[in-house]
Amino acid sequence: QCNLQGLWRNELGSNMTLSALDAAGTFSGSYHTAVAATNKQILESPLQGAQQHPGAKGQPTFGFTVQWQFADSTTAFVGQCFVDRRGKEILETMWLLREEVPSRRDAWKATR
């Protein structure tokens, strides 16, 4: 069974730390990205999320948002936790980043 709590690192060098799930399946933590499209100093940023069916066994789905502390943007991640044959936990995720733009006319270029 996957356990989201703890320190996670990805192949690009970013890392996040997740708290234990509460009774409702929600969690918090922090994310420190190793990659960003900015010249500003990259800062550790808070995250909030939820795991689907926290009491169920298996390989749960989850989602979380990161409120970047060094940019005018927010990223939403969704994913699933898998356990391989050796017992290693792996998170497979996809993300959408939305940055602030000056007007609605610019909304077309605000999401990556």
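The values are calculated or read from the model by the stated rules, or taken from the named source; none is laboratory data. The shown structure was predicted, so the numbers you read here are calculated from the model rather than taken from an experiment. As a convention, Cβ positions derive from the backbone with ideal geometry for all residues, glycine included, and neighbour counts pool all protein chains shown. Protein only, heavy atoms only, side chains kept; ligands, DNA and RNA dropped before computing areas. Shrake-Rupley method; radii C 1.70, N 1.55, O 1.52, S 1.80 Å.
Run through all the Cα pairs of the chain and give the fraction in each 5 Å bin from 0, expressed as whole percent.
Pairs per bin, as whole percents: 2, 11, 20, 23, 17, 12, 8, 4, 2, 0, 0.
So, in nm, how far is label Gln52 from label Arg85 when the simple model puts each one 7 Å beyond its Cα toward the Cβ?
Taking the simple label geometry, Gln52 and Arg85 are separated by 2.7 nm.
When a/c reaches 1.5 or more, the comparison of a/b and b/c decides; with that in mind, is the range 46-112 rounded, prolate or oblate per its Cα gyration tensor? Walk me through the numbers before you get to the answer.
Details: a/c = 2.97, a/b = 2.74, b/c = 1.09.
Because a/c hits 1.5 or more and a/b exceeds b/c, the range 46-112 counts as prolate.
Just grab the label-to-label distance for Leu7 and Ala20, each label 7 Å out from Cα along the Cβ direction, in nm (one decimal).
The answer from the label model is 2.0 nm.
For the chain, what is the accessible area per residue in Å², given a 1.4 Å probe and the full set of protein chains?
Working: 7670 Å² over 112 residues.
Accessible area per residue: 69 Å².
Full extension from Ala107 to Thr61: what is 0.36 nm times the residue separation minus their Cα-Cα distance, to one decimal in nm?
Details: separation 46, 0.36 × 46 = 16.56 nm, distance 2.91 nm.
The Ala107-Thr61 span can extend by a further 13.6 nm.
Would you work out what percent of the accessible area of the chain, with all protein chains in place, is carbon or sulfur (probe 1.4 Å)?
Working: 3860 of 7670 Å².
C and S atoms contribute 50 percent here.
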